[in-house]
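Comments concern the structure below.
The values are calculated or read from the model by the stated rules, or taken from the named source; none is laboratory data. Owing to the predicted nature of the structure, the values given are computational and were not obtained by experimental measurement. In this analysis, Cβ positions are derived from the backbone assuming ideal geometry, glycine residues included, and neighbour counts consider all displayed protein chains. What goes into the accessible areas is simple: the full protein's heavy atoms, side chains included, and nothing from ligands, DNA or RNA. Shrake-Rupley method; radii C 1.70, N 1.55, O 1.52, S 1.80 Å.
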Number of protein chains: 2
Amino acid sequence: MRYIQANSDVTNRFLKSAFATDMCYMSTEQVIHWLLEQNKKVKVTINKINFDCLESWSFDENKLSHNSGKFFSIEGINVKTNWGLIPEWDQPIINQPEVGYLGFIVKEINGILHFLTQAKIEPGNVNYVQLSPTLQATRSNYSQVHKGKKPLYLEYFQNATPNQILLDQLQSEQGARFLRKRNRNIIIKIDEDIPIHDNFVWLTLGQLKKLMQKDNLVNMDTRTVISGIPLGSFPAEVVNFFNIIQTNANTIHSSFLKSALTDGGGLHSIENIITLVTHLKSTFDLNVKQTPLSKMRNWIIDDKEIFHEEGKFFKVIAVDVEIGNREVVQWSQPMIEPAQEGLCAFVCKEIDGILHFAVQTKLECGNHDIIEFAPTVQTLTGDYRKTKQGDLPFLDYVLNAKPEQIVFDTMQSEEGGRFFREQNRNIIVIAGEEIAVELPEKYVWMTLNQLYTFLKFNNFLNIQARNLISTISFI
Amino acid sequence: MRYIQANSDVTNRFLKSAFATDMCYMSTEQVIHWLLEQNKKVKVTINKINFDCLESWSFDENKLSHNSGKFFSIEGINVKTNWGLIPEWDQPIINQPEVGYLGFIVKEINGILHFLTQAKIEPGNVNYVQLSPTLQATRSNYSQVHKGKKPLYLEYFQNATPNQILLDQLQSEQGARFLRKRNRNIIIKIDEDIPIHDNFVWLTLGQLKKLMQKDNLVNMDTRTVISGIPLGSFPAEVVNFFNIIQTNANTIHSSFLKSALTDGGGLHSIENIITLVTHLKSTFDLNVKQTPLSKMRNWIIDDKEIFHEEGKFFKVIAVDVEIGNREVVQWSQPMIEPAQEGLCAFVCKEIDGILHFAVQTKLECGNHDIIEFAPTVQTLTGDYRKTKQGDLPFLDYVLNAKPEQIVFDTMQSEEGGRFFREQNRNIIVIAGEEIAVELPEKYVWMTLNQLYTFLKFNNFLNIQARNLISTISFI
């Protein structure tokens, strides 16, 4: 059993929490009920307004920005690249150079790690109230530019000692919408009792994963933090032993567990995959220059919207928000409204006895370093229902998958503080012989353990890939 | 012995080559002699000229650039940061957005990997001829903007199949001199016989490391490629067995070997170290904006030089170059001339039975991602002999180290194609009890195995750290 000892205490605790869906602080059914209650209680009014009705925001020919110079701004960029079919385009993008916290406080209850989860209202959410991390705060938030209240639990993160930090990663946001934005995904462990404020609840990792199997209950920020949680690496024989003693033996959950925990056994080594990344980053250029909003080609600005002349991609809008029942909070802000629902899917296939994921390498204009790993299918900017057959690898395959192949198919929301009712379909499909081991150029098979390894070293996986990974349940 | 099998064939071959200094294609003494001969044979004339005498270069108020728009340009930047004592400054920087090849062809000779090494003339080198990789080429070189000859051996790299590629990494150059420049460090293996051109020779990894122990024989590009070579990871008991059967037992070389190969045993885990990086990247900002050369504050431009008003840092100069004995090649170009010699040093110390390196986290203005890992001491921009005692952690310690503590102390050249006679002192010092395990803020102990792990994932270690690592010999 030296391997299990060799696995760190931290990964063991997370693994245990991933398997815990009973004997929790609150049952999963209770959580769903509680969340529905929260949603009923709250009153959210969100109205589209003209840009010139935005309070404390300025819209000049260059950009749409907050008068404090903080928060975020909507700016124009000109993109040039030798990747893909379109060598140059203009578009608006969210510029939010601050690194914010997406943080969970965790605590052992009955020997199992529980995550302090907030039922948080965000104006853009389809369900206004979704489960969010303990703390979701930009630097503007916590340096209190908006003169609001200090975010709850902030001090625990600011005062955390190194041995309390179980996870601390810098990960990207949507590369087609944000200019090189990153967040600090952090998990800190506390041992003492702390005050539990209204709308907060303790959940296990297993429960959070189960809740993601419902539409729009768990917000994007929770999903990104969860995705980075390490569960350890073990030699194949130890993982097989795990699977034998688990009640989930021979289910798809045991296949995911084996793919997550097995050190080695990948079709390609990590070094081979880095070679592919190096090749792509050396071959493809991404030149992004700022351009005034008013000068963007193919985009039209009117009183209420910045939109593409063909109605594609997304619109920048302005909204007025009122939230509350007794005490009412009101503000206005720009938001991004998508042109349509998107679709993100991983196609998985067993190769040499281990489940592999078909990972797409993808260049997006806001990427920090040219390309990131993306899901097998990611179509957020066009209407996937109108994509011509064969134009997007694996799209037809995913849309025509048989029910027994589909292990996951839900609608999940994008960040409700920036995106107006944006939800995307998230699918995981298990392929058989009909999908060849040979993949198209720019796609590569990886085990879940390899994906976790790249997650650990930050900025390799895009947020859509991380979101799908976060949903994978082992029971 | 399952671990040795588990270690990849590639790392085993490199490890074997690292131990080979006898029975090579050419003895190390012969190589040194051959290199001296090459140096004698070649005639290099390099003269400083006025900027307006540069052929095919334009110098306007914004920048100094090649008329083709290729190669590189000297531009001005304005830097703002909350790191360190100086919140804002202007400086010239080399902008060379192309990713170039730094590549070795390797081949097994008598069962040992040999590296095809070139005795290459570079005008800026202290010794004009130094040992360089098989191929050193920017995209401009190999797309032949300069209408010169196609670089030798280029086609082997362009046509390499995935199973020929033993290493392929994207690594940074000097962050204080280059704006986010990266090179593709690549090693390909061939099995067939290939033509060996004049000035090329086969050397083992062990020989290259031995040659680095002399001043200015091995160029910077060779050192950076060598630094990334993986040697494998083994459990501690296997490494101990290695060391017992090796003749180098109980020497400093065996300590380096143990630190390089042992998986685990670090004072901090990789995850802990990533936590530190995340903390720093989240806390410190680096804002770099382009500014016209003519508007740089504190820099003076005259006919021949761009220099700092206090004579600090470096100068931009223009040179005319003539190389050859029979056939003469002539061109002119800008170069960077340092204000003085610099010093780069690693302080190492045994902690829990494994040698650890005191690694500095360092923000440099041209860094791709805010901070990189640097040597314990890196002082290239100021005169280390004039640094006030105690102003720079570990500098006094390194300068006063006893001879028996010093395992490495040589002068090494920076890249002779851009830098005019720049050489820096490279030192590795083994510390005892006088250096505490507790380090100053922004410094962290790592084993060599951990440093190799970060090297593998690219863009974590700066070039000065990689240079020092490349010199570490195991015999």
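Would you please name the residue that is farthest from A:Ile274 (Cα to Cα), looking only at residues in segment B:445-457 that are more than 9 Å from every other protein chain (Cβ to nearest Cβ) and touching a strand residue (DSSP E or B) at 6+ places or on another chain (Cβ under 8 Å)? Filtering first and then ranking leaves B:Trp445.
Give segment B:96-107 a look and list any residue that's modelled with pLDDT of 95 or more and not β-branched (Val, Ile, Thr), or say none. Result: B:Leu102, B:Gly103, B:Phe104, B:Lys107. Kindly establish whether A:Val319 is assigned to a strand (DSSP E or B) and open to solvent by less than 40 Å² (accessible area, probe 1.4 Å). Yes; evaluated as a whole, the condition is true for this residue. Only one of the listed residues (A:Thr138, A:Thr161) is in contact with a Gly (Cβ under 6 Å, 6 or more places away or on another chain) and not small (Gly, Ala, Ser). That residue is A:Thr138. Taking segment B:277-316 as the range and being in contact (Cβ under 8 Å) with a residue 24 or more places away in the chain, surrounded by 19 or more Cβ atoms within 10 Å (Cβ to Cβ) and not in a strand (DSSP E or B) as the test, the residues that pass are B:Val277, B:Lys281, B:Leu293, B:Met296, B:Phe313.
With the structure loaded, tell me whether B:Gln207 is assigned to a helix (DSSP H, G or I) and either under 29 Å from B:Leu36 (Cα atoms) or out of contact with any helix residue (DSSP H, G or I) (no Cβ under 7 Å at 6 or more places or on another chain) (or both) or whether it fails that test. Considered against the rule, which asks whether it is assigned to a helix (DSSP H, G or I) and either under 29 Å from B:Leu36 (Cα atoms) or out of contact with any helix residue (DSSP H, G or I) (no Cβ under 7 Å at 6 or more places or on another chain) (or both), B:Gln207 comes out as yes. Per the conditions (1) open to solvent by 10 Å² or more (accessible area, probe 1.4 Å); (2) under 25 Å from the mean Cα position of the chain (by Cα); (3) in contact (Cβ under 8 Å) with a residue 24 or more places away in the chain, the sole criterion not satisfied by B:Ile226 is (1). If you go through segment B:250-275 and keep only what is facing chain A (nearest Cβ under 8 Å) and within 30 Å of B:Leu85 (Cα to Cα), you end up with B:Ile270, B:Glu271, B:Asn272, B:Ile274, B:Thr275. Taking segment A:36-92 as the range and being touching a Gly at 6+ places or on another chain (Cβ under 7 Å) and under 17 Å from A:Phe314 (Cα atoms) as the test, the residues that pass are A:Asp90, A:Pro92. For segment B:114-154, a residue qualifies if it is at pLDDT below 95, touching a Lys or Arg at 6+ places or on another chain (Cβ under 6 Å) and under 30 Å from B:Asp22 (Cα atoms), and exactly one does: B:Val126.
Note on segment A:134-178: residues that are away from every other protein chain (no Cβ under 13 Å) and open to solvent by less than 20 Å² (accessible area, probe 1.4 Å) amount to 10.
Going through (1) more than 30 Å from B:Asn287 (Cα to Cα); (2) open to solvent by less than 60 Å² (accessible area, probe 1.4 Å); (3) modelled with pLDDT under 95 one by one, A:Met1 falls short only on (2). Considering segment A:93-115, the residues that are within 14 Å of chain B (Cβ to nearest Cβ) and not polar (S, T, N, Q) include one that is most open to solvent (accessible area, probe 1.4 Å), namely A:Pro97.
For segment B:181-194, the tally of residues that are of a type in the set (D, E, K, R) and surrounded by 18 or more Cβ atoms within 10 Å (Cβ to Cβ) stands at 4. For segment B:64-92, the candidate set comprises residues that are within 30 Å of B:Asp391 (Cβ to Cβ) and free of Cβ contacts under 8 Å to residues at least 60 places away in the same chain; within that set, the residue that is farthest from the other protein chains (Cβ to nearest Cβ) is B:Leu85. Scanning segment A:30-52 for residues that are within 19 Å of A:His66 (Cβ to Cβ) and open to solvent by less than 50 Å² (accessible area, probe 1.4 Å) returns A:Ile46, A:Ile49, A:Asn50, A:Phe51. Just to be sure before I move on: is A:Phe234 touching a Gly at 6+ places or on another chain (Cβ under 8 Å), aromatic (Phe, Trp, Tyr) and open to solvent by less than 10 Å² (accessible area, probe 1.4 Å) in the structure I sent? Spelling it out, it is not the case that A:Phe234 is touching a Gly at 6+ places or on another chain (Cβ under 8 Å), aromatic (Phe, Trp, Tyr) and open to solvent by less than 10 Å² (accessible area, probe 1.4 Å). On inspection, B:Leu36 passes the criterion of being of a type in the set (A, V, I, L, M) and without any contact (Cβ under 8 Å) to a residue 12 or more places away in the chain.
Taking segment A:49-79 as the range and being under 26 Å from the mean Cα position of the chain (by Cα) and part of a strand (DSSP E or B) as the test, the residues that pass are A:Leu64, A:Ser65, A:His66, A:Ser73, A:Ile74, A:Glu75, A:Gly76, A:Ile77, A:Asn78, A:Val79.
Each row is one residue, and each column tells you yes or no for (1) within 14 Å of chain B (Cβ to nearest Cβ); (2) modelled with pLDDT under 95.
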| position | (1), (2) |
| --- | --- |
| A:Asp383 | no, yes |
| A:Asp409 | no, no |
| A:Ile430 | no, no |
| A:Val437 | no, no |
| A:Asn459 | yes, yes |
